[in-house]
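A quick write-up on the structure given underneath.
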Amino acid sequence: MGKVTGFKEYERKTGNYKPADKRTKNFEDIYIPLSPEEIQTQSARCMDCGVPFCNYSCPLGNLIPDFNDLVYNGHWKKALQILHITNNFPEFTGKICPAPCESGCVLGIIEPPVTIEQIELALAEMGWEKGWIKPLPPAIKTGKKIAIIGSGPAGLAAAQQLARVGHSVTVFERADAIGGCLRYGIPDYKLPKKYIDRRITQMKAEGVLFKTSSNIGVDIPVATLQKEFDIICLTGGSTEPRDLTISGRGLRGIHFAMDFLPQSNKRVASIEIPSKEAIDAKGKKVIVIGGGDTGSDCVGTSLRQGAIDVTQLELLPIPPTERDASQPWPVFPRLHKASSSHIEAEAVLGRDIRNYSIGTKSFEGKNGKVTKLNCIRLEWTTPQGGGFPQMKEIPGSEFSLEADLVLFAMGFLHPEHEGMLDSLGVEYDQRGNVKTDSHYSTRVENVYCAGDMRRGQSLVVHAIAEGRKLAQSVDQHLMGETSLRSSL
C-alpha cells in the first residue's frame, strides 16, 4: 500500500451534513463531501491486510485496495478506471449504498473501517468534473436487438454493458422518466436527479434508446417485443407492497410509501399532481409503519413537506448497537443507527420518533378519514434450542396514536404478476419472484431476468451487480463468448 502505516496514523473521517434543522426546509442535497486532500488521507488508512474482505463483501467485487492505493498516490484518473471495471455507477453507490464493503473491512475488526463509500463518490465526482467520464460507444455493431424492461439500476447496468459490446439496446420504462427507484423512490435530498440525468446522457451517446411511458403488457403487448427483439431482459422492481389488512384499512389518509414518495419527487421536479390524487404531509400528524430505509425516507420527506408531527413504528425489536454473536465480522450487520432523517426529526421535533416492538391492531376514523391508530406492544423471545424469535402481545399494553396520514413502509412481497409477467408465462419461485437458472435465464426462451424482480427487494449495489451478470450471460448466449466482466 502507498502508506503501510496509514491506518495507525489517521482516524476515520467522513463527510458531513448540513444542519439538521435547516436542511429540512428544502429538498436540496444534504451531504457535504470531504475535500480531495481529505479523501487522499482517508485512502491511506487502507491497510496491507493480505486478504481484502472488502472485495468479497461488495456484491460488485470492487477492487477497493487497488483504487485506494492509487488515490493515496494521487493517481485519481487511474483509480476511477479501476473502479469502473466493476461498477458502472459509483456515484449511485457512493450516495445511497449502506456500504457492505465497509462491514468487511479488515481494519474494522479493531478500528473504524476505511471510508470506502466516500472514496468511491469522490472518484466519480472528480471524473465528471475533469471530463474523464465519457461515452464509450462500440466500434462494431453486432446486429442483435435487446429489449430491457425496467430502467432502475439493474436495467441501466445491463443496458450499458450490452450496448458497449455492440448490441442494439432499447430500455422500456412505464413511468414518465428513466431511473426506476432512483428517480421516483429515493428522495432528492439523498440522491439529486442530476446524478441519473448525466448517466442517461452518457448512455444515449453510447447508443442506448430509452422509451418512457411504455407499460409492457398494457400499452405494448409482450408478443410484439418477442417478435421485434432477439432477447428480452426483465429488470423491473419488486413493486407489490406488503399490506396491513386490519379494521379501518379502507379509511382515507392511509397510503403505501411508494405512492407517497414518487409524488414528492415529482413535485420537486415541477410535475403537477392532480389535487384529488395528492398525498401531502403538510400540517398533519404522520405515522410511518416500517423501520427500514423506505420508512426513513418517508420521515425525511414528511418533515420537508411540513408535517407537524411524525412517529415511526417498527414491528421488530430494537437492534443491537454493536455486533453480537449472531452478526460476526465480516457479515453486514443490522445495527441500531440513526439515519439522517431520524437526526432531522430529533432536531425539529425534539424527540426520538422511533418505536420498536409495536403491532398495529386497527384504524379509527371520522367522516371516512383516518384519525387514530390502535396499537399494542410486543415481546420477542427466542425458543429454547434456537430458531426464529417469536412475538407475542403484552397484555394491557394497548395504546392509541392520533394520525392524519399513515404511510406503509413495510417492504415488498414480489413483482406484479398480472400483465407482463403472466403474459410471458414466466415461472415464479416460492416467494413470488421470477425464477431463473444460474445464467439469469427464465423458462421462456430468450427471456432473462435480474434485479429485484428476480431476487426480491434489495440494495442498489445488488441490482447493479445483477444487471452486469445478466448482461454477461446474454452476451455469451448471443455471441458464443463474452468479454464482459460481472464481478469477482
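The values are calculated or read from the model by the stated rules, or taken from the named source; none is laboratory data. Being a predicted model, the structure only gives us computed values, none of them experimental. Positions of Cβ are backbone-derived with ideal geometry, glycine not excepted, and every protein chain shown enters the neighbour counts.
Which residue, of G425, G396, G432, G386, is among the small types (G, A, S) and modelled with pLDDT under 95? Walk me through it before giving the result.
Numbers: G425 fails: modelled with pLDDT under 95; G396 fails: modelled with pLDDT under 95; G432 fails: modelled with pLDDT under 95.
None of the other options fit; the residue is G386.
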Inset, instruction - List every residue pair whose Cβ atoms lie under 7 Å apart, where the two residues are 6 or more positions apart in sequence or sit on different chains, the first residue falls within the stretch 148-164 and is closer than 14 Å to G180 by Cα, and the second residue, located anywhere, is acidic (D, E) and part of a helix (DSSP H, G or I). - result: A154/E466
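Could you pull out every one of the strands (runs of 3 or more DSSP E) wholly within the stretch 364-479 that has 1 or more residues that are farther than 30 Å from V286 by Cβ?
In the stretch 364-479, the matching strands (runs of 3 or more DSSP E) lie at 369-381, 390-393, 447-449.
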Legend entry - Any chance F229 is within 25 Å of the chain's Cα centre (by Cα) and among the aromatic types (F, W, Y): no
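Can you name every residue in the stretch 460-476 that is among the hydrophobic types (A, V, I, L, M, F, W, C) and under 13 Å from F89 (Cβ atoms)? Step through it out loud before you land on a result.
First pass over the stretch 460-476, keeping only residues among the hydrophobic types (A, V, I, L, M, F, W, C): 460-461, 463-465, 470-471, 474.
Those that are among the hydrophobic types (A, V, I, L, M, F, W, C) and under 13 Å from F89 (Cβ atoms): V460, V461, A463, I464, A465.
Please pick out the residue among D429, D452, D404, D475 that is touching a Phe, Trp or Tyr at 6+ places or on another chain (Cβ under 9 Å) and acidic (D, E).
Details: D429 fails: touching a Phe, Trp or Tyr at 6+ places or on another chain (Cβ under 9 Å); D404 fails: touching a Phe, Trp or Tyr at 6+ places or on another chain (Cβ under 9 Å); D475 fails: touching a Phe, Trp or Tyr at 6+ places or on another chain (Cβ under 9 Å).
Just one listed residue meets the conditions, D452.
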Legend entry - Test for R267: is it in a helix (DSSP H, G or I) and either exposed (fewer than 15 other Cβ atoms within 10 Å of the Cβ) or at pLDDT below 95 (or both): no
Inset, instruction - Looking for whichever is surrounded by 15 or more Cβ atoms within 10 Å (Cβ to Cβ), hydrophobic (A, V, I, L, M, F, W, C) and under 30 Å from S302 (Cα atoms) here; the options are F67, F7, F27, F53. Which one fits? - result: F27
Legend entry - Selection within the stretch 195-214 - farther than 12 Å from F92 by Cβ and in a helix (DSSP H, G or I): D197, I200, T201, Q202, M203, K204, A205
Inset, instruction - Kindly indicate whether R334 is under 27 Å from G359 (Cβ atoms) and touching a strand residue (DSSP E or B) at 6+ places or on another chain (Cβ under 8 Å). - result: no
Inset, instruction - Keeping to the stretch 129-159, report how many residues are out of contact with any strand residue (DSSP E or B) (no Cβ under 7 Å at 6 or more places or on another chain), in a helix (DSSP H, G or I) and buried (at least 24 other Cβ atoms within 10 Å of the Cβ). - result: 4
Legend entry - Condition broken by L303, with the remaining ones in (1) more than 26 Å from L182 (Cα to Cα); (2) under 23 Å from the mean Cα position of the chain (by Cα) satisfied: (1)
Inset, instruction - Please find, within the stretch 223-246, the residue that is nearest to L315 (Cα to Cα) out of those that are out of contact with any Gly (no Cβ under 9 Å at 6 or more places or on another chain) and aliphatic (A, V, I, L, M). - result: L244
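Consider P100 carefully, then state whether it is touching a Phe, Trp or Tyr at 6+ places or on another chain (Cβ under 7 Å), assigned by TED's automatic domain parsing to the domain that holds R198 and not charged (D, E, K, R).
Numbers: touching a Phe, Trp or Tyr at 6+ places or on another chain (Cβ under 7 Å): yes; assigned by TED's automatic domain parsing to the domain that holds R198: no; not charged (D, E, K, R): yes.
No: the conditions fail for P100.
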Legend entry - Among the candidates T436, T382, T442, residue that is farther than 30 Å from E117 by Cα, touching a residue at least 40 places away in the same chain (Cβ under 8 Å) and among the polar types (S, T, N, Q): T442
Inset, instruction - Kindly establish whether S296 is touching a residue at least 40 places away in the same chain (Cβ under 8 Å), in a helix (DSSP H, G or I), touching a His at 6+ places or on another chain (Cβ under 7 Å) and small (G, A, S). - result: yes
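So which of S302, S238 is surrounded by 19 or more Cβ atoms within 10 Å (Cβ to Cβ) and in a loop (DSSP other than H, G, I, E, B)? Lay out the reasoning, then the answer.
On the way: S302 fails: in a loop (DSSP other than H, G, I, E, B).
Just a single option satisfies the conditions, and that option is S238.
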Legend entry - Enumeration of residues in the stretch 85-128 that are free of Cβ contacts under 8 Å to residues at least 40 places away in the same chain and either outside any loop (DSSP other than H, G, I, E, B) or surrounded by fewer than 21 Cβ atoms within 10 Å (Cβ to Cβ) (or both): P90, G94, I110, E117
Legend entry - Among (1) in a strand (DSSP E or B); (2) of a type outside the set (G, A, S); (3) in contact with an Asp or Glu (Cβ under 9 Å, 6 or more places away or on another chain); (4) surrounded by 11 or more Cβ atoms within 10 Å (Cβ to Cβ), the one test that E346 misses: (1)
Inset, instruction - Please state which of the following conditions S423 fails to meet, knowing it meets all the rest: (1) of a type outside the set (D, E); (2) within 17 Å of G217 (Cα to Cα); (3) within 20 Å of the chain's Cα centre (by Cα); (4) surrounded by fewer than 20 Cβ atoms within 10 Å (Cβ to Cβ). - result: (3)
Legend entry - Conditions (1) touching a residue at least 12 places away in the same chain (Cβ under 8 Å); (2) surrounded by fewer than 20 Cβ atoms within 10 Å (Cβ to Cβ); (3) under 30 Å from S35 (Cα atoms); (4) not assigned by TED's automatic domain parsing to the domain that holds E28: number failed by T201: (1)
